[in-house]
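Novice: The structure under discussion is supplied below as structure tokens; questions concerning it will follow.
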Amino acid sequence: MRDTSVYVHFPWCAKKCPYCDFATRKIDVATLPHEAYADALLRELEVRRGALRGRRLTSVFFGGGTPSLWSGAALGRVLAAIRGAFEEESEALEITAESNPNSLTRARAAAFAEAGVGRLSLGVQSLDDARLRFLGRLHDRTEALTALGHAAAAVERVSADLMFGMPGQSADDLAREIDQLLEAGVRHVSAYALTIEPGTQFGELHRLGKLRVAEEEAYAQMFERAERAFEAAGFAHYEVSNYAQPGEEARHNLHYWRGGDYLGLGAAAVGCLSEADGGARRWKNTVDAGRYMEALGEEESETLGPQDRIREGLMLGLRMAEGVDGAALSARAGVDWRRGREAALARRLERGDVVLEGERLRVPRERWLLLDGIVADLF
Ligand code: SF4
């Protein structure tokens with residue numbers, strides 16, 4: 001049985017945030033096609049059922065977009081069908097739904113839990129009202145804390161997303177927000193730097209010189225301060241952007257970073273499944289939700305060769321504190337991952353940018369701010 005996770009994309013939000021380049025569109029919530037979208041997902045699952053033979057389900061992640069806009073009944077119908085499509089499921093099956101504070105009502109959290117969701121990941125982003133306004137979010141600090149309470153009352157595991165690197169934000173400001181978030185009982189936090197993406201409202205403002213972002217030095221200070229604040233509270237910095245109390249790591253994400261197979265369902269969803277010949281096929285579904293509901297369909301599909309799999313394995317695996325299992329990576333790709341990288345590897349080992357312990361390659365935490373350059377060198 002090959003361990004496989006499932007990602008379900010919910011492609012709508014009540015409002016498009018000005019920094020967001022995810023595949024999601026604003027929708028009038030009253031017109032959401034709750035059941036029609038679930039029907040389309042079930043049709044896609046049926047089409048892909050053959051590829052699920054010999055696979056064990058390890059996690060399901062409802063992401064978006066804003067899955068907490070979806071009715072519990074529709075989400076539950078999809079979840080039950082996914083679980084029914086696998087021959088086996090892991091005893092540690094993890095089922096997560098991303099949620100936004102303004103749509104995660106007490107009733108919605110309870111309905112998700114009733115449907116089988118055991119982990120809620122909340123897009124808190126900040127606990128400072130001015131910064132939430134700057135980010136164009138629909139909730140304020142009080143609503144974020146209320147939603148965290150609803151989540152904790154419904155499910156055992158609650159995670160929060162936090163953004164940093166806003167103009168004018170100091171490392172002390174960030175540390176205060178982290179302390180407040182931890183006081184609310186969160187046991188897993190994804191802390192991301194604000195990045196300016198082309199094609200977004202912030203991207204346009206930045207291009208026109210009307211939006212400043214944090215300087216690299218300020219970003220580095222915030223990154224390091226966040227690490228200290230989380231570690232003081234007993235959280236491990238287990239991936240560049242993720243912190244968890246022991247046992248609270250996101251199993252779905254770990255599976256992905258370790259190069260595991262995943263099925264993507266829904267508009268704009270990406271999937272990647274190993275094939276019998278040692279290769280893997282990665283695809284991306286039609287991005288347009290209307291077209292997806294009418295006819296499903298893939299927008300892109302590619303076969304990953306051995307070097308693609310090695311590059312991806314290094315890029316994702318080196319983001320984790322545990323690093324990359326080189327033996328597993330070579331086995332997955334069918335060739336030794338070191339081949340052709342001997343000089344770059346020797347150079348980075350010499351500088352202390354990477355450490356090789358047996359078959360495991362990792363980037364020491366004090367070098368994580370240099371990660372992009374290190375990975376590019378090993379490509
Ligand atoms: S709620 Fe999340 S997915 Fe939706 S637009 Fe905002 S950042 Fe993007």
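Read-outs: derived from the displayed coordinates by stated rules, not from any lab. Note that the structure is predicted; figures quoted are calculated from it, not measured. No Cβ is skipped: glycine too gets one built from the backbone with ideal geometry, and neighbour counts run over all protein chains shown.
Novice: State to the nearest 20 debye the size of the charge dipole of the chain about its Cα centre, where the only charges are +1 on K and R beta carbons and -1 on D and E beta carbons.
Specialist: Numbers: 48 positive and 58 negative charges, 82 e Å.
The calculated dipole for the chain is roughly 400 debye.
Novice: Here's another thing I want to ask about it. Which are the unpartnered cysteines of the chain, meaning those with no other cysteine Cβ under 4.7 Å from their Cβ?
Specialist: Cys13, Cys272
Novice: Which value in deg cm²/dmol, rounded to the nearest 500, describes the helix-derived mean residue ellipticity at 222 nm for the chain, given -39,500 (n - 2.57) per DSSP H run of n ≥ 4 and division by the residue count? The partial results should precede the final answer.
Specialist: Values: 14 runs with 148 residues, N = 379.
Calculated from helices alone, the mean residue ellipticity at 222 nm is -11500 deg cm²/dmol.
Novice: Rounded, prolate or oblate: which one fits the stretch 102-249, using the alpha carbon gyration tensor with axes a ≥ b ≥ c (rounded when a/c is under 1.5, else prolate when a/b beats b/c, else oblate)?
Specialist: Values: a/c = 2.10, a/b = 1.39, b/c = 1.51.
It comes out oblate by the Cα gyration axes.
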